[in-house]
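Peer 1: Below you will find the structure I want to go over with you.
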Amino acid sequence: MKKIALITSGGDAPGMNACVRAIVKTALHYGLTPIGFYDGYDGLMNNNTIYFKYADVDNIIHRGGTVLGTARSEEFKTKEGRQQAIKNLKSHGVDAFICIGGDGTFTGANILSAEMDIPVIGIPGTIDNDIYGTDHTIGYDTALNTVIEAVDKIRDTAGSHHRIFFVEVMGRAAGFIALNSAIASGAENVLIPEELTDIEKLASDLKEQNKGKRSSMVIVAEGDDGGGAKEIMEKVAPYLEGYTLRHSVLGHIQRGGNPSAFDRMLATRMGSYAVDLILKDESNIMIGSKGDDLVTLPLEKAIRIHPSPDLSKLEMLKKLRTQEL
Ligand code: F6P
C-alpha cells in the first residue's frame, strides 16, 4: 500500500483546497494513504503531518487559501534542512510525493527527488500563471476575476470624477494577470515586465485616448520595469498637467476568495490525475492543461523555461484604444 506525501507551497492560490481534496479522495479510493505535511517544506522539516481521512477534506472545495498551510521556506534550500525532511519522509515510509505550487516549489521537489530517490509529481498552483507547460495554473482564473471585479468598481468612480487611474496587480516577474485582466476589464493601457515601459509614450497615449472620454484605466504589473502604480503615476504626472491622476494597489485580495468554477474543475482534475500517475509509476513530471486535456512534461523543463504571455495581445489593446480620425 503506497503512502503519498502532499504539500501546498509558495504563495497560496484559490483552488489549492479543491486539489488537496481530489488527491486525498482519489488516494483513499485506491486504498492508498495520503499524508499531508503542513506549511509546505517547513512541514516536511518539522514533521508536522495529517493522515487524511475522507471527512478531513469535506466542505473545502469552495474555500480559498489552503487548509494545509503554505510557506516560502529558506531552510529547505539548505542541505541540512533537506536531510531533516528526508529523515521525516522515510520515518513515515512515504513512497511518492505530490507538491502543489509554483516553480520554486518544483525546484525544491526536483532536488528532493534526486537526494531521496522518491517519485515526484508537480501540480501548478499560483495566481501568477507563470509556469511553463500549462495553459492555466490553479488560482489564476479566480485571481483574474477578482481583479476585474475591482477594476469595474474603480471604473465607476474614475468616470464620475474624470480621472486617470493606475491599478497595480500582482505579478513580480510575469504579466499574465495584468495583460489579461486589462483585456477583460476594458482597460486602455497595460504595463508588464515583459515589455519596456516608455513613460513619455504612455503620457502621450493617455492624452490622445482621453480626448472625449471621462476616464482611462492603466493596469500595472507590480514587477513592471517602470515601477509600481504609484511610481508610474508620479513619473507620468509632469506630462499630464490638468488631468487628475489616482492610483490603487489591489494587493493580497487577489490571492484570496472562493475559487471559480474553472479553478475548481482544473484543481480537481489535476489532483485526481496526480494519483493515477503515481499508480502508473510515473515520476518527476508536472501536470499541465492544454485546451481541454491534461498533459504531462518533465518537471525539470517546467522549472527551466520561463513562460511569457502572448504579446500580440498588446497590439490588440493598442487597436482598441486609438481611433483613426
Ligand atoms: O504567489 C505569487 C504572488 O502572489 C506574486 O504575484 C506576488 O508578487 C507574491 O506572490 C507576493 O508574495 P508574498 O505574499 O509572499 O508577499
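Peer 1: Consider the stretch 97-151. How many of its residues are of a type in the set (S, T, N, Q), assigned to a helix (DSSP H, G or I) and within 20 Å of the chain's Cα centre (by Cα)?
Peer 2: Residues flagged as of a type in the set (S, T, N, Q), assigned to a helix (DSSP H, G or I) and within 20 Å of the chain's Cα centre (by Cα) within the stretch 97-151 amount to 6.
Peer 1: What are the pairs, 6+ residues apart or on separate chains, where a residue within the stretch 45-66 that is assigned by TED's automatic domain parsing to the domain that holds residue 263 has its Cβ under 6 Å from a residue that is surrounded by fewer than 18 Cβ atoms within 10 Å (Cβ to Cβ) and polar (S, T, N, Q)?
Peer 2: Filtered contacts from the stretch 45-66: 45/84; 62/258; 64/258.
Peer 1: May I pose another question? Among the residues of the stretch 160-178, which ones are within 16 Å of the ligand (Cβ to nearest atom) and not in a helix (DSSP H, G or I)?
Peer 2: Result: 167, 168, 169, 170, 171, 172, 173, 174, 175.
Peer 1: Among the residues of the stretch 78-96, is any within 20 Å of the chain's Cα centre (by Cα) and not hydroxyl-bearing (Ser, Thr, Tyr)?
Peer 2: No, every residue in the stretch 78-96 fails to be within 20 Å of the chain's Cα centre (by Cα) and not hydroxyl-bearing (Ser, Thr, Tyr).
Peer 1: Residue check: is residue 264 surrounded by 15 or more Cβ atoms within 10 Å (Cβ to Cβ), on the phi < 0 side of the Ramachandran plot and basic (Lys, Arg)?
Peer 2: Here the answer is yes, as residue 264 does meet what is asked.
Peer 1: Going by what's in this entry, would residue 181 be described as out of contact with any Cys (no Cβ under 7 Å at 6 or more places or on another chain), in contact (Cβ under 8 Å) with a residue 12 or more places away in the chain, of a type in the set (Ser, Thr, Tyr) and within 16 Å of the ligand (Cβ to nearest atom)?
Peer 2: Considered against the rule, which asks whether it is out of contact with any Cys (no Cβ under 7 Å at 6 or more places or on another chain), in contact (Cβ under 8 Å) with a residue 12 or more places away in the chain, of a type in the set (Ser, Thr, Tyr) and within 16 Å of the ligand (Cβ to nearest atom), residue 181 comes out as yes.
Peer 1: Still on this structure, I have one more. Return the residues of the stretch 210-229 that are closer than 10 Å to residue 168 by Cα and away from the ligand (no atom under 16 Å from the Cβ); say none if nothing qualifies.
Peer 2: 218
Peer 1: Which members of the stretch 1-16 meet the condition of being small (Gly, Ala, Ser) and within 16 Å of the ligand (Cβ to nearest atom)?
Peer 2: Those that are small (Gly, Ala, Ser) and within 16 Å of the ligand (Cβ to nearest atom): 9, 10, 11, 13, 15.
The values are calculated or read from the model by the stated rules, or taken from the named source; none is laboratory data. The structure displayed is predicted, hence computed values, not measured ones. Every residue, glycine among them, receives a Cβ derived from its backbone with ideal geometry; neighbour counts consider all protein chains shown.
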